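**Q** Here it is, the structure, as structure tokens.
The values are calculated or read from the model by the stated rules, or taken from the named source; none is laboratory data. Here the structure is a predicted model, which is why all the values come from computation and not from measurement. Note that we place each Cβ from the backbone using ideal geometry, even for glycine, and neighbour counts take in every protein chain shown.
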Amino acid sequence: MHSPRKIEFESLIKKVENHKNDKLPLVMYCLPGDTVIRALFQKDDVLHHIKDFKERGFVFAPFDNSLQTIVLKSNTSYISDFEVSNQIESGKKEVVTNDEAFHLELVKKGIQEIRSGKLKKVVLSRQVQVETEKNELSIFKSALHKYPTALRYLWYHPKVGTWIGASPEQLLKVEGNQIHTTSLAGTLPVIDNNNPEWSQKEFIEQQMVTDFLKVEIAEFVNDIKTTKVSSVKAGKLWHLKTNITADLKSFDQLKPLLKRIHPSPAVCGVPKDLAKKFILEYESYRRNYYTGFLGELNLTQEHSTSLYVNLRCMSLDANQATIFIGGGITEASNPEMEWQETNNKCQTMLSLL
Ligand SMILES: C=C(O[C@H]1C=CC=C(C(=O)O)[C@@H]1O)C(=O)O
């Protein structure tokens, strides 16, 4: 394994700019809570696809697990320190969209499907397009400072496009023979310094994710341990979270394990296949990499992997940002409140533009 070269932050930004101007793939990211930025540069514009998850590089997987997962090869890599500065709080940004009626209908359809017994939960989403004057690097820099507890990234491949995000959710971490996954669901806005007041709806919605993960990993691991449900902040949102750890039986099982846990009910639904079918049939657009997963694969050491769910993200094309947001629908959902929840979630990315 080659070690990354340490350079100054502004030199790294310059290298990213040059690599991107040369239309070559790269990723720049900062792990939750970290102040070290890592950047990987691929030397050619080949679109590499994962075969068995034994590859080494940075993974970028779509929501639809029947489609190909990309792995960016790390031909050159750098690390750089940066200092988190307290960014001046921007006010709430308003965007005018014309998809409210569609989204309300979609949520109602989801609730009907649940009441008829076909589904237990389905996560329904939308996209919001916004013009922006800000360039990608300054958007990424804002994410670094604003969301220090998230996985912040800027990913680019000339054959795919540019994505930026600040994910609050770890899908899978493998370290030694230990695996770690999280169940994150349920959302409330952060209001002043108040603690969130959860209702049964959010606890049920989050428990479905925990139950799913425990069942799906069982075949591949020993000794599953879960923490108590706790409230965690992601920017201006609260979520419910459970940490799950276990001992992996064999490293060869990473591919089938990921196939089982992705897409989880935090982004898809229960039962998984029917919820996915519903999403692909009724959402108005293709999610592509939103609600997929991304992160390091055997990069720092063999068998050391750290993947995050691609949430609170946007794709960028020239001056247009497309922000993706969704929410978990259960039989207790209220369509108006679900619409509002997607608008609250939209603020995470809007605040960077
Ligand atoms: C699907 C999204 O969030 C998921 C993760 C946390 C909470 C969620 C919720 O409360 O619905 C979603 O399951 C999104 O942010 O686009």
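**Q** Inspect the range 40-54 for any residue being within 16 Å of the ligand (Cβ to nearest atom) and out of contact with any Phe, Trp or Tyr (no Cβ under 8 Å at 6 or more places or on another chain) and give the result as yes or no. First the steps, then the outcome.
**A** Initially, the range 40-54 is screened for residues within 16 Å of the ligand (Cβ to nearest atom), giving none.
Taking every residue of the range 40-54 in turn, none turns out to be within 16 Å of the ligand (Cβ to nearest atom) and out of contact with any Phe, Trp or Tyr (no Cβ under 8 Å at 6 or more places or on another chain).
**Q** Here is a check on your reading of the model: is THR300 over 15 Å from the mean Cα position of the chain (by Cα), assigned to a loop (DSSP other than H, G, I, E, B) and of a type outside the set (A, V, I, L, M, F, W, C)? Show your work before the answer.
**A** Values: over 15 Å from the mean Cα position of the chain (by Cα): yes; assigned to a loop (DSSP other than H, G, I, E, B): yes; of a type outside the set (A, V, I, L, M, F, W, C): yes.
For THR300, the condition - over 15 Å from the mean Cα position of the chain (by Cα), assigned to a loop (DSSP other than H, G, I, E, B) and of a type outside the set (A, V, I, L, M, F, W, C) - is met.
**Q** Right, here's the next one. Answer yes if at least one residue in the range 108-121 is basic (Lys, Arg) and under 26 Å from SER11 (Cβ atoms), and no otherwise. Give the steps one after another, and end with the answer.
**A** Here is the first cut: in the range 108-121, the ones basic (Lys, Arg) are 108-109, 115, 118, 120-121.
From what is left, the residues that are under 26 Å from SER11 (Cβ atoms) are none.
No, every residue in the range 108-121 fails to be basic (Lys, Arg) and under 26 Å from SER11 (Cβ atoms).
**Q** Which ones in the range 232-283 are buried (at least 16 other Cβ atoms within 10 Å of the Cβ) and among the small types (Gly, Ala, Ser)?
**A** ALA234, GLY235, ALA246, SER264, ALA266, GLY269, ALA275 - these are the residues of the range 232-283 that are buried (at least 16 other Cβ atoms within 10 Å of the Cβ) and among the small types (Gly, Ala, Ser).
**Q** If you take the residues in the range 142-189 that are in contact with a helix residue (DSSP H, G or I) (Cβ under 6 Å, 6 or more places away or on another chain) and more than 25 Å from SER74 (Cβ to Cβ), which one is farthest from the ligand (Cβ to nearest atom)?
**A** PRO189
**Q** Restricting to the range 285-336, and then to whatever is more than 15 Å from the ligand (Cβ to nearest atom) and of a type in the set (S, T, N, Q), can you tell me which residue is surrounded by the most Cβ atoms within 10 Å (Cβ to Cβ)?
**A** Taking the candidates together, the pick is THR305.
**Q** Examine the range 165-177 for a residue that is polar (S, T, N, Q), in contact with a Lys or Arg (Cβ under 7 Å, 6 or more places away or on another chain) and closer than 22 Å to CYS268 by Cα, and state whether such a residue exists. Walk me through it before giving the result.
**A** Restricting attention to the range 165-177, the residues satisfying the condition of being polar (S, T, N, Q) are 167, 170, 177.
From what's left, in contact with a Lys or Arg (Cβ under 7 Å, 6 or more places away or on another chain): 167.
Add one more test, that the residue is closer than 22 Å to CYS268 by Cα, and what stays is 167.
Scanning the range 165-177 turns up at least one residue that is polar (S, T, N, Q), in contact with a Lys or Arg (Cβ under 7 Å, 6 or more places away or on another chain) and closer than 22 Å to CYS268 by Cα.
**Q** Could you tell me how many of the residues in the range 14-42 are touching a Lys or Arg at 6+ places or on another chain (Cβ under 8 Å) and more than 23 Å from GLY292 (Cα to Cα)?
**A** Residues that pass the stated criteria total 0.
**Q** Still on this structure: Which numbered condition trips up ASN344, out of (1) over 30 Å from PRO4 (Cβ atoms); (2) near the ligand (Cβ under 9 Å from one of its atoms); (3) not charged (D, E, K, R)?
**A** All conditions are met except number (2).
**Q** Could you grab the pairs with beta carbons closer than 6 Å, sequence gap of 6+ or different chains, first residue in the range 170-184 and surrounded by 18 or more Cβ atoms within 10 Å (Cβ to Cβ), second one part of a strand (DSSP E or B) and of a type in the set (Val, Ile, Thr)?
**A** Every condition considered, the pairs that remain are GLN170/THR182; LEU171/VAL309; LEU172/THR181; VAL174/THR305; THR181/ILE244; SER183/THR242.
**Q** Then there is this: Just wondering, is there one or more residues in the range 146-156 that are part of a helix (DSSP H, G or I) and out of contact with any Asp or Glu (no Cβ under 6 Å at 6 or more places or on another chain)? Write out each step before concluding.
**A** Quick first cut of the range 146-156, residues part of a helix (DSSP H, G or I) only: 146.
From what's left, out of contact with any Asp or Glu (no Cβ under 6 Å at 6 or more places or on another chain): 146.
Within the range 146-156 (the criterion being part of a helix (DSSP H, G or I) and out of contact with any Asp or Glu (no Cβ under 6 Å at 6 or more places or on another chain)), the answer is yes, since at least one residue qualifies.
Residue-wise test of (1) more than 21 Å from TRP238 (Cα to Cα); (2) modelled with pLDDT of 95 or more.
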| position | (1), (2) |
| --- | --- |
| GLN127 | yes, yes |
| ASN135 | yes, no |
| SER138 | yes, no |
| HIS145 | no, no |
| PRO148 | no, no |
| PRO158 | yes, yes |
| SER167 | no, yes |
| GLY176 | yes, no |
| GLY186 | no, yes |
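**Q** In the range 246-282, which residues are of a type outside the set (Gly, Ala, Ser), assigned to a strand (DSSP E or B) and within 16 Å of the ligand (Cβ to nearest atom)?
**A** Step one: of the range 246-282, the residues of a type outside the set (Gly, Ala, Ser) are 247-249, 251-263, 265, 267-268, 270-274, 276-282.
If we keep only those that are assigned to a strand (DSSP E or B) as well, we get 247-248, 270.
Of everything in the range 246-282, just one residue is of a type outside the set (Gly, Ala, Ser), assigned to a strand (DSSP E or B) and within 16 Å of the ligand (Cβ to nearest atom), namely VAL270.
**Q** While we're on this one: Suppose we filter the range 196-221 for residues that are within 11 Å of the ligand (Cβ to nearest atom) and basic (Lys, Arg); how many remain?
**A** Residues in the range 196-221 being within 11 Å of the ligand (Cβ to nearest atom) and basic (Lys, Arg): 1 in total.
**Q** Tell me which strands (runs of 3 or more DSSP E) are completely within the range 1-108 and hold 3 or more residues being among the aliphatic types (A, V, I, L, M) and more than 30 Å from TYR282 (Cα to Cα), or say none if there are none.
**A** Values: elements: 26-30, 36-41, 57-61, 70-72, 76-81.
Answer list for the range 1-108: 26-30, 36-41.
**Q** For the range 306-353, enumerate the residues that are of a type outside the set (Val, Ile, Thr), closer than 15 Å to ALA185 by Cα and in a helix (DSSP H, G or I). Even if it seems obvious, please write down each step before you answer.
**A** Of the residues in the range 306-353, the ones of a type outside the set (Val, Ile, Thr) are 306-308, 310-321, 324, 326-328, 331-341, 343-347, 349-353.
With the extra rule that they be closer than 15 Å to ALA185 by Cα, the set shrinks to 308, 310-312, 326-328, 332-333, 338, 341, 344-345.
Answer for the range 306-353, where residues must be of a type outside the set (Val, Ile, Thr), closer than 15 Å to ALA185 by Cα and in a helix (DSSP H, G or I): GLU338, GLU341, ASN344, LYS345.
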